[in-house]
Structure formats: C-alpha cells, structure tokens
Amino acid sequence: MLLIRDTEVEGYRGLDVFCDGGKIRDIGKNLVRPNAEIFEADGGALLPGLHDHHAHLFALAAVRRSVRCGPPEVVDDEMLTSVLRNAGDSADSWIRGIGYHESVAGMLDRHTLDAMVSDRPIRIQHRSGKMWFMNSIALQAVGMNESNGQLFRKDDWIRERLGPEVDHSADVAAASRLLASYGVTGITDATASNDADVERAWSDIDISQRVRLMGNEDLGHGALKIMLDDYALPEIDEFQQRIGAAHECGRPVAVHCVTRTELVYTLSALMEVGSLSGDRIEHASVVDESTLDLMQRVGVWVVTQPNFLAERGNQYLEDVGAQQLEFLYRAKSFLDVGIPLGGGTDAPFGGADPWAAMHAAIHRKTQSGEVIGEQEKLAPEQALAMFTSSAETPGGPPRRITPGQAADLCLLAKPWSEARGRISKDDVAMTVMAGTITYRR
Ligand SMILES: [Zn+2]
C-alpha cells in the first residue's frame, strides 16, 4: 500500500493518491490510510509511468559492457585505436565495440582492425545495427577465415556462434533499473529475433518494467517485426504473404522503415494485403507529402525516435540533402493528419532516456544547436503523450490516473507548469510499477 501525498494529478493540485494491490484505488484530498507507506510529493506532478514503445533491453544491457566506437566520443582512427587498446578485460576476452560510423575511419575491415588490435578478438557494430566488423583473430574464432571482416546482417549467425550477447541477468536487471530512474514503467522490445526462447529468458529476469515483446513468427503473439533493407528488399509476394499470415493470426506487423523506399514498399504491400489495426511503421525516418498521404490512407501508426535528431543531427546535416531535411523524423505533421505517433528511444541504438527524446521532439536541435524541421516541433504535452500512451496503442490517448488503473506512475519533483519548460530526467522523483516503488531519488 502506497499513499502519495500532495501531488498534482491531471492539473489538479493538492491531491493524495492511494495505491493498493497494484492499482490506483483512491484519489482525493487528505486521504488517511494508516497502514500505507507514505511518500510526500510536495506538489510534484504525478504522470502515468512512461512507456518506451521501441527499445532493445538485452542489447542495452550488452552495450553497457561495450566500448563506444563512434561520434561524438570517437571521431578518428587514432581515437578508435586508443579506445580499443584500452578496452577493459571481459570474461570471454572479446572486445565488443558499438556505435561505429564510417566518418571515424572509413569502412573497417579485418586489416584495418588488425593494425589496431591483433591479439584480442574484436567485433564492432555499425551504428545502424546492420553490420559487424571483425579482426582476423575474431574471424578465426567464428570460423570465417575467408571473410574480409565486414559481416552484413549476420546478427543471428554471430549470436549462434558466440552464444547470447547477454547471459547475465544481472546486466539486464541493471539496465532495467536505469530505465526506472527515468520513470519508465513499460517497454516494447522491438528486437526482430525475439522468439519463444527469448520470451522464456525474459520471464526469468527480475525487471522493473512491464515488457511487451514483438518478434518473429515463432513468438506467436505481439506484433511481427519485419526488418527491411533498401539493398536487399524481399520479393513482394513473399513480403505480402508474411504480412497476410501474421494478420490471419491476429498479429499486426511492425516494419522497420528508415528510407523512403522501404516505407513506400511497405505501404504498397499493406495496400494489397489490407492493414490490421496496430500495423506500425518503426522509425518512419523520411516521409514526404505524398507518402504521408499514403500512410494516412493505409491506416498505419508511427513509432518515432526524435532523440536521433539530437544524437545524430550533425551527421544528418552532412549526409542528407537540403530538401530531404524537412522530411526527417517528422512529428507534428503526423498528428495534424491524425496518424497516431508513439515514442521510442531505440535504445541502445539511441540513448535510453525518454526525457532526452521528448526534449528533442520539442526543440529538434542538433548537438551544434541547429534546428531540423522547425515546423515539426511538438508542444511539451504532445511530446509527453508519445510516451504515456498504452503499450497496445502507441500514439493513442495518454493513460489516465484514475481509480482502477494500474499503479504505473512517474512522480516529478515539481508541478507540470514548471517541469514542462525543462523536460529532464532530473525531475523524476519516484517511479512506481504495479504499486511498487522501483526508483526514488
Ligand atoms: Zn530498433
């Protein structure tokens, strides 16, 4: 039993909120519950616990044990060599690098990596998540002596040879505690390889969030996650059959679309097969006017990552043509035409802090302070709503704080009228999941 005293609920101040049995039971003034644990909110706003609609928790746990190999920390080959040579010991002697971008030292291969480190196996993931680079000793370890060290879309294959990235549930629990400190009470794990085995692994780990999985056919429920690649699009018949088969089992699809081609390909397949409520476009990174119109007609939802604007914006300014910039990670345009817009961080490919993502959705500033897509800026309330809709309906109405609802809550240290001007994880005072305190600062 938990009694949160003197909090602000949906704009009303000075309220007490009583939680019991995992649910909100009562909201009112001067509630007395002699047996309840009492938390003094001092006027802070009580929000629904945040839900990250697109993240990868096992990968986040692995990343926390990895070496950052890309901007902003690492920008050239000298720095890359230095961070690799100074990588700490790991149980299996591997050095696992993440976040690589070719602006650092071009497309890596076994020879460039051997010149940096030759006595320990290295695997470095490109920040797109699509590619791994390995040095010679690593290639030998996985039985790929012939390879040039560039392994494209070989995640499952590598995992099979090396065993799961994370076999320490303690790492996952620690990543989960980090999310709790941001006020996160739920995540949708968007890992395409999630299957029944992975689901069993999840159920054994003690974590502070409700987890909704999407994954492959073997998972059997939740959205079917489909990865697409501009350069290796599946046959359209095969793609449509996969979507149709999922729909027949009542499973919506969640299709990874970062380019216009991937998005148009997906929409045309959905036009043909018919869409199911809950079909999602993950990322929708580039959307021009005609595609926006098509999305609306097909009836898809979007789960976006505004944090990429802050994290990768400078790179986008270099790589993306001027007329495409206004189509990048749009937000307000989706809301204006009634397309539901949910928020996800894509951690660990993006930073795991949803407040940073909301801040980016409001300001759309790159690291150097330039604004990308001024007209796509969201109000703080719209940014928050992306992370407070239910797991089932990303971009749907924000969850309410009313009696009978699950006690999944994020308490801020100040009223919303003050917090909305800053939008920072530093304002999270307490997180409650199913009535249990999972974080207090
Ligand atoms: Zn992802």
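One residue stands out in the stretch 170-180 among those that are more than 16 Å from the ligand (Cβ to nearest atom) and buried (at least 17 other Cβ atoms within 10 Å of the Cβ): the one that is modelled with the lowest pLDDT, namely Asp171.
Here the stretch 276-297 is the region considered, the condition is being surrounded by fewer than 17 Cβ atoms within 10 Å (Cβ to Cβ) and in a helix (DSSP H, G or I), and the residue that is nearest to the ligand (Cβ to nearest atom) is Gln296. Is there a residue being farther than 25 Å from Trp132 by Cβ, outside any helix (DSSP H, G or I), within 16 Å of the ligand (Cβ to nearest atom) and open to solvent by 20 Å² or more (accessible area, probe 1.4 Å) anywhere in the stretch 203-215? Among the residues of the stretch 203-215, at least one is farther than 25 Å from Trp132 by Cβ, outside any helix (DSSP H, G or I), within 16 Å of the ligand (Cβ to nearest atom) and open to solvent by 20 Å² or more (accessible area, probe 1.4 Å), which makes the answer yes. Of all the numbered requirements in (1) away from the ligand (no atom under 16 Å from the Cβ); (2) open to solvent by 20 Å² or more (accessible area, probe 1.4 Å); (3) more than 30 Å from Leu409 (Cβ to Cβ), Ala269 misses one, and that requirement is (2).
Figure legend. Inter-residue proximity from the stretch 254-265: first residues not assigned by TED's automatic domain parsing to the domain that holds Gln240, second residues within 12 Å of the ligand (Cβ to nearest atom) and among the aliphatic types (A, V, I, L, M), beta-carbon distance below 8 Å, spacing 6+ or different chains. No pairs are indicated. Pairing each residue of the stretch 1-14 that is under 12 Å from Leu409 (Cα atoms) with any residue that is hydroxyl-bearing (Ser, Thr, Tyr) and open to solvent by 60 Å² or more (accessible area, probe 1.4 Å), provided the two are 6+ apart or on different chains, yields C-beta distances under 9 Å for Leu2/Thr436.
Can you say whether Ala357 is touching a residue at least 12 places away in the same chain (Cβ under 8 Å), within 16 Å of the ligand (Cβ to nearest atom), among the small types (Gly, Ala, Ser) and more than 26 Å from Met295 (Cα to Cα), as far as the supplied structure shows? No: the conditions fail for Ala357.
Residue by residue, here is whether (1) at negative phi; (2) within 16 Å of the ligand (Cβ to nearest atom); (3) under 17 Å from the mean Cα position of the chain (by Cα) holds:
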residue	(1), (2), (3)
Ser128	yes, yes, yes
Phe133	yes, no, no
Ser136	yes, no, no
Glu146	yes, no, no
Phe152	yes, no, no
Asp156	yes, yes, no
Tyr182	yes, no, yes
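When each of Gln315, Gln324 is tested for being modelled with pLDDT under 95, within 24 Å of the chain's Cα centre (by Cα) and either assigned to a strand (DSSP E or B) or exposed (fewer than 15 other Cβ atoms within 10 Å of the Cβ) (or both), the lone residue that passes is Gln324. Can Ala352 be described as open to solvent by less than 50 Å² (accessible area, probe 1.4 Å), in the same structural domain as Glu374 (by TED's automatic domain parsing), within 16 Å of the ligand (Cβ to nearest atom) and hydrophobic (A, V, I, L, M, F, W, C)? In short, yes. Of all the listed residues (Gln209, Gln241), the sole one being polar (S, T, N, Q) and either on the phi > 0 side of the Ramachandran plot or touching a helix residue (DSSP H, G or I) at 6+ places or on another chain (Cβ under 7 Å) (or both) is Gln209.
With respect to Asn194, determine if the residue is over 23 Å from Val67 (Cβ atoms), touching a Leu at 6+ places or on another chain (Cβ under 9 Å), of a type in the set (S, T, N, Q) and open to solvent by 70 Å² or more (accessible area, probe 1.4 Å). Spelling it out, it is not the case that Asn194 is over 23 Å from Val67 (Cβ atoms), touching a Leu at 6+ places or on another chain (Cβ under 9 Å), of a type in the set (S, T, N, Q) and open to solvent by 70 Å² or more (accessible area, probe 1.4 Å).
Of everything in the stretch 16-37 that is aliphatic (A, V, I, L, M) and under 24 Å from Tyr182 (Cβ atoms), the residue that is farthest from the chain's Cα centre (by Cα) is Val17. Selection over the stretch 203-228 of residues that are under 18 Å from the mean Cα position of the chain (by Cα) and either of a type in the set (D, E, K, R) or farther than 21 Å from Gly250 by Cβ (or both) gives a count of 8.
The values are calculated or read from the model by the stated rules, or taken from the named source; none is laboratory data. These numbers were taken from a predicted model, which means no experiment stands behind them. Positions of Cβ are generated from backbone atoms using ideal geometry, with glycine treated the same way; all protein chains shown enter the neighbour counts. Just so you know, the surface numbers come from the protein's heavy atoms only, side chains and all, with ligands and any DNA or RNA stripped out. Shrake-Rupley method; radii C 1.70, N 1.55, O 1.52, S 1.80 Å.
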